[in-house]
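Peer 1: Have a look at this one.
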Amino acid sequence: VLDFNKGRLQNLYWKRDGCALCSGNSSFVCLNNQDCAIRTSSCKNHGGSVDCSLGIQLAFSGTDKHELVFNSWYEVTNLRQYSLYGLYSNLRNSLTSQYSKFF
């Protein structure tokens, strides 16, 4: 989360979700009781079934130079469902599967 005050960056916060999402799933491991991580062996490029593409979401909070409030930090949880890589892969697969019989 990028935190602004009067349009100037004041802080950068790294959101930690804890390990609740990865407990009980053998594809994931909890690091330092703070963060979930995907086991390398679970990644598609290592024979697993998990897409291990890197994804970074940014959110912001605070005020602009005119002291108008802008916030998106509350949407961070919702951002996880979106992935440009996933969208591109799905589109590419959709298009290539339709035309594979021609090539």
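Peer 1: Per residue of region 17-34, in order, report the coupling 6.51 cos²θ - 1.76 cosθ + 1.60 (Karplus, θ = phi - 60°) as ³J(HN,Hα) in whole Hz, putting x for Gly and Pro.
Peer 2: Computed from phi, the couplings for region 17-34 are 9, x, 10, 4, 6, 9, 5, x, 10, 5, 6, 10, 9, 8, 9, 6, 6, 10 Hz.
Peer 1: Which chymotrypsin sites (Phe, Trp or Tyr not before Pro) in region 1-32 pass both tests, a DSSP loop state and at most 14 other beta-carbon atoms within 10 Å?
Peer 2: Hits after loop and neighbour filter: Tyr13, Trp14.
Peer 1: Compute the accessible area per residue over region 20-66, keeping the other protein chains in place, probe 1.4 Å, unit Å².
Peer 2: 73 Å²
The values are calculated or read from the model by the stated rules, or taken from the named source; none is laboratory data. As the structure is a prediction and not an experimental result, all values here were calculated from the model. Please note: Cβ atoms are built from the backbone with ideal geometry, for glycine as well, and neighbour counts cover all protein chains shown. Just the protein is used for accessible areas: all its heavy atoms, side chains included, with ligands, DNA and RNA removed. Shrake-Rupley method; radii C 1.70, N 1.55, O 1.52, S 1.80 Å.
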